[in-house]
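The values are calculated or read from the model by the stated rules, or taken from the named source; none is laboratory data. No experiment lies behind these values; they were computed from the predicted model shown. Cβ placement follows ideal geometry from the backbone for every residue including glycine, while neighbour counts extend to all protein chains displayed. Each accessible area value is taken on the protein alone, full model and side chains, heavy atoms only, with ligands, DNA and RNA left out. Shrake-Rupley method; radii C 1.70, N 1.55, O 1.52, S 1.80 Å.
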Amino acid sequence: MAANSLTVTDNRTGKVYELPIEQGAIRAMDLRQIKASEDDFGLLSYDPAFMNTASCRSAITYIDGDRGILRYRGYSIEQLAERATYLETAYLLLHGELPTSAQLDDWVYQITHHTWIHENMKKVMEGFHYDAHPMGMIVLMVGALSTFYPEAKNGIDGETRKLQIIRLIGKMPTLAAFAYRHNLGMPYAYPDNHLSYTGNFLNMLFKATEVKYEPHPTLERALEVLFILHADHEQNCSTNAVRSVGSSRVDPYSAVAAGVAALYGPLHGGANEAVLRMLGSIGSRDKIPQFIKQVKEGKAKLMGFGHRVYKNYDPRAKIIKRMADETYEVTRPSPLLPVAQELERIALEDEYFVTRKLYPNVDFYSGMIYESLGFPVEMFPVLFAIPRTAGWLAQWQEMIEDPEQKIARPRQVYTGPAQRDYVPLGMRG
Ligand code: SDX
């Protein structure tokens, strides 16, 4: 009997099976040999929402949920947030190593020179109502990019793939800024190649009549850190969407559009917007006990709290909370900040949340900073989608290159009716 194995007895037949254990997992396919009879299909593993299922092997991001650890390619999120830039981090996620100076210069040059979008994309944007949610616009616009680059269907080819990755990372801020300007009814501000990735994003958002937009360095750096913190997070809902859609070998624009759509949900990337709306509905600190009571009664969720993996404080939330004070030195803190701080204090002491290991996650405080930077609440999930594009593409690339991966097609446990005959219309009911 091998040391790294599981011995199971099927009590239906008395047969004994030995299942190998590799890297803390058994292969679900090894269960199929366990049959109750010769014509039995064999055992499946049933795991709704993939609570305990590894869908892939990945070398990109490591999370230890109990210890609140997050690393990109082995580097701690704390060190990267402190010392790296977002594009440097994006390079690391996609290539597996920090870039040399020459590699970084070339990478930044490539991304910077792929920030423009086809002028016809403006006609697509103009089809939206003025108050269309920017995430709904971005889902469509990212998918629309695939129609401008038909060669992207050969995404598995190295050079073609590299160009699409550069295009997507370069163009996401442009799409986001254009959506923002569309909501305001303002003319689009075009990319300025002399600015940094985040500086140019601020330029495309906020440039008015000045000849050249000069981003405030504190705000530019705050966005840089927020983008680093949101760049990847292993097999989250939207990454799973990108991997699954990408496994059909569709182009990366369509796969990333699926990721944007998944991220839009209030349980995922839409939570930062939901946090601000929740705090706004609470209104003041004296209303918090009443809200907490509603949460305990299951009538409300404490948005920005809880996580499938972190059963400790989300390390990203700690960094965001720490950097918020620096941002507030040059902006005005959100009037809802005292409500958020008091809500956190109460929740961290309350048995209901402690027993469920519900701690603030990345979305609880990020909205505070976004609001102080002048972003409308609808833009908050968009500010998550921009940096996550690098992580989605790194995960998509890893899936494409993984010889064990093929088109994602889960099984099911059928609970519907057995075979039955058609009933003529007049004989129903
Ligand atoms: C992100 O996966 C990732 O990595 C995502 C992300 C990333 O970077 O990609 O980290 C980004 O999406 C962060 C999460 C943002 N979402 C929110 O803040 C929304 C509020 N949080 C919850 O909806 C919830 O905590 C989830 C969705 C984040 C996690 O849900 P799970 O793991 O499915 O846990 P669960 O819903 O089964 O909850 C377990 C228990 C339940 O209570 P009981 O039924 O056992 O009594 O905890 C309760 C839940 O009711 N619970 C909450 C709660 N979250 C869980 N109760 C009140 N408020 C909450 N926020």
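Below, the figures for the structure above:
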quantity	calculated
Distance (nanometres) between label positions extended 7 Å along Cα→Cβ at K357 and Q341	3.0 nm
Sequence of E351, E273 from largest to smallest accessible area, 1.4 Å probe	E351, E273
Kirkwood Rh in Å, taken over the range 95-407 so that all alpha-carbon pairs contribute	20.4 Å
Candidates M29, M137, M204: whichever shows maximal mean-square fluctuation once the chain is modelled as a Gaussian network with Cα springs under 10 Å	M29
Coil-residue trypsin sites (Lys or Arg not before Pro) of the range 201-298, DSSP, other Cβ within 10 Å capped at 15	K212, R249
Set of lysines with alpha-carbon distance to K299 below 22 Å, sequence-local pairs under 8 removed	K287, K357
At R0 = 60 Å, FRET efficiency that the Cβ-Cβ distance of A54 and V211 yields, to 0.05	0.65
Fluctuation leader among S281, S196, S244 - the chain, Gaussian network, Cα springs under 10 angstrom	S281
Nearest-0.05 FRET efficiency for F41 and H113, computed from C-beta distance (R0 60 Å)	0.65
Separation in nanometres of the label points that stand 7 Å from Cα toward Cβ, at S101 and Y62	3.0 nm
Reachable aspartates and glutamates from K153, criterion Cα separation under 19 angstrom, eight or more residues apart if same chain	D251, E398, E401, D402
Quotient of C-alpha Rg and 2.2 N^0.38 Å, computed over the range 5-84	1.61
Mean Cα-pair separation over length for the range 95-407, i.e. relative contact order, pairs under 8 Å, 6 or more apart, %	23 percent
Whole-percent carbon and sulfur share, accessible surface of the range 263-323, 1.4 Å	53 percent
Neighbourhood net charge (10 Å Cβ-Cβ; Lys/Arg +1, Asp/Glu -1) for L145	+1
Cross-link table K212/K318; K123/K171; K162/K321; K123/K406; K162/K406, entries beyond 26 Å C-alpha to C-alpha	K212/K318; K162/K321; K123/K406
Gain upon complete extension [K296, S5; 0.36 nm per residue less C-alpha separation]	100.5 nm
